[in-house]
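In what follows, a structure is listed as C-alpha cells, so that the remarks can point back to it.
The values are calculated or read from the model by the stated rules, or taken from the named source; none is laboratory data. Just so we're clear, the structure is a prediction, and the values are computed from it rather than from any experiment. Don't worry about glycine lacking a Cβ; one is built from the backbone with ideal geometry, like all the others, and counts go over all protein chains shown.
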C-alpha cells in the first residue's frame, strides 16, 4: 500500500519522496537549509511577498526524514535557537497614573505601527504584564501597534497569520479546503488587544478598532506584500462578551470547539471562544473565495 504523508493539510506520496531524495542525492555538498531553498525553487513554494517558504520547507523535510521517507544529510552545524532561550519581556517604564477623560474631551487615539526593536519591547512588555494571556510570539506574518492618547501610551494591539481551520469561520466565508489554502493569507488574526488598566475612557476600545481597521490592509501590503480583506478574533466567553467588537461592527459568526488544533480526544479541553469577523472590503467574500471579479 502506498505511503501517504500529510503535512499542513496536504497529502504527499511516493513520487514526492523520490523527487526530494533525488534532489538531496544530486546536491550532497549542500546543507539542509540550502536543500530546503532548492526544493522551494523546484516546487514554487513562495510567499505572497515573493520570499521563499524555506522555513516551512525545512520543517517539512525534517518531518519526512524522521518518518524514514527521505534521508537528509548530517547537520553541518546547529545554529542558536532564540526560541529556546527566549526571556519573558520586562515591564516597561511608562506613565501609569490614572488616566480618565469624558468622551467629548477625547481627542482621538493615535495608532503607531511598530517598526523598531525598542518600541516592540515596549509593546511586548505591556502585553506580558497587563494582558490576562500574557505575551506569546505571534505566528507567521504579523503587525504590532502601540496606541497613544495625548502622547501617552494607552494600549497595544497585534495581528498575525490566522489559524488554518476554524469550522464556523470557514462556513461563514464559504470556504472549502482548496479555497481556504489559496486565500488564508488574506485573513489577519487579532491576537492581542490591550487597553491599559489605569486608562478609563468610554468607547476608547471601539474607537481604536475602527482606526486600525481603516489602515491595516495598506500596512499589511507595505510590510508583507499583499492586502488583507478580513479580520478575525476570538473572545473568551468565560471572561468577556465582546462588547467593543460588536460596537465596532464586527460580526459574531460562531464559536470555537474548545478542543485545540491537535486534539485527538474530541472532548472540550479549553474555554469556548466566540468568533468575530470584520470585513475590510465590500467584495471581501469574492476575494476570500478566490473568485474572478
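Given the conditions (1) exposed (fewer than 12 other Cβ atoms within 10 Å of the Cβ); (2) farther than 30 Å from residue 147 by Cβ; (3) at pLDDT below 90, which single one is not true for residue 83?
Every listed condition holds for residue 83 apart from (2).
For segment 27-34, indicate whether the set of residues that are in a helix (DSSP H, G or I), in contact with a helix residue (DSSP H, G or I) (Cβ under 7 Å, 6 or more places away or on another chain), free of Cβ contacts under 8 Å to residues at least 40 places away in the same chain and surrounded by 11 or more Cβ atoms within 10 Å (Cβ to Cβ) is non-empty.
Yes, segment 27-34 contains a residue that is in a helix (DSSP H, G or I), in contact with a helix residue (DSSP H, G or I) (Cβ under 7 Å, 6 or more places away or on another chain), free of Cβ contacts under 8 Å to residues at least 40 places away in the same chain and surrounded by 11 or more Cβ atoms within 10 Å (Cβ to Cβ).
Can you name the residue in segment 272-293 that is surrounded by 13 or more Cβ atoms within 10 Å (Cβ to Cβ) and in a loop (DSSP other than H, G, I, E, B) and is also modelled with the lowest pLDDT among such residues?
The first filter runs over segment 272-293 and keeps only residues surrounded by 13 or more Cβ atoms within 10 Å (Cβ to Cβ), leaving 272-281, 284-290.
Now drop any that are not in a loop (DSSP other than H, G, I, E, B), which leaves 272, 280-281, 289-290.
Details: 272: 92, 280: 97, 281: 94, 289: 92, 290: 79.
My answer is 290.
Please determine whether any residue of segment 2-13 is part of a helix (DSSP H, G or I), exposed (fewer than 15 other Cβ atoms within 10 Å of the Cβ) and not assigned by TED's automatic domain parsing to the domain that holds residue 176. Steps first, please.
Going residue by residue through segment 2-13, those that are part of a helix (DSSP H, G or I) are none.
Within segment 2-13 (the criterion being part of a helix (DSSP H, G or I), exposed (fewer than 15 other Cβ atoms within 10 Å of the Cβ) and not assigned by TED's automatic domain parsing to the domain that holds residue 176), the answer is no, since none of the residues qualifies.
Give the residues of segment 62-76 that are in contact with a helix residue (DSSP H, G or I) (Cβ under 6 Å, 6 or more places away or on another chain) and without any contact (Cβ under 8 Å) to a residue 60 or more places away in the chain, sorted by residue number.
Listed by number, the residues that qualify are 70, 72.
Counting only residues that are in contact with a helix residue (DSSP H, G or I) (Cβ under 9 Å, 6 or more places away or on another chain) and surrounded by 14 or more Cβ atoms within 10 Å (Cβ to Cβ), which one in segment 192-202 is farthest from residue 149 (Cα to Cα)?
Taking the candidates together, the pick is 192.
Return yes or no: is residue 125 modelled with pLDDT of 95 or more, out of contact with any helix residue (DSSP H, G or I) (no Cβ under 8 Å at 6 or more places or on another chain) and either in a loop (DSSP other than H, G, I, E, B) or surrounded by 15 or more Cβ atoms within 10 Å (Cβ to Cβ) (or both)?
Yes.
Does residue 160 meet the test of being surrounded by fewer than 22 Cβ atoms within 10 Å (Cβ to Cβ) and modelled with pLDDT of 95 or more? Walk me through it before giving the result.
Details: surrounded by fewer than 22 Cβ atoms within 10 Å (Cβ to Cβ): yes; modelled with pLDDT of 95 or more: yes.
Criteria met by residue 160.
Tell me, yes or no, whether segment 58-68 has at least one residue that is assigned by TED's automatic domain parsing to the domain that holds residue 20 and under 28 Å from residue 222 (Cα atoms).
The answer is yes; a qualifying residue exists.
Within segment 43-65, is even one residue over 26 Å from the mean Cα position of the chain (by Cα), modelled with pLDDT of 90 or more and surrounded by fewer than 15 Cβ atoms within 10 Å (Cβ to Cβ)?
Going residue by residue through segment 43-65, those that are over 26 Å from the mean Cα position of the chain (by Cα) are 65.
Next, only the ones that are modelled with pLDDT of 90 or more stay: 65.
From the residues that got through so far, the ones that are surrounded by fewer than 15 Cβ atoms within 10 Å (Cβ to Cβ) too are none.
No, there is no match, as no residue in segment 43-65 is over 26 Å from the mean Cα position of the chain (by Cα), modelled with pLDDT of 90 or more and surrounded by fewer than 15 Cβ atoms within 10 Å (Cβ to Cβ).
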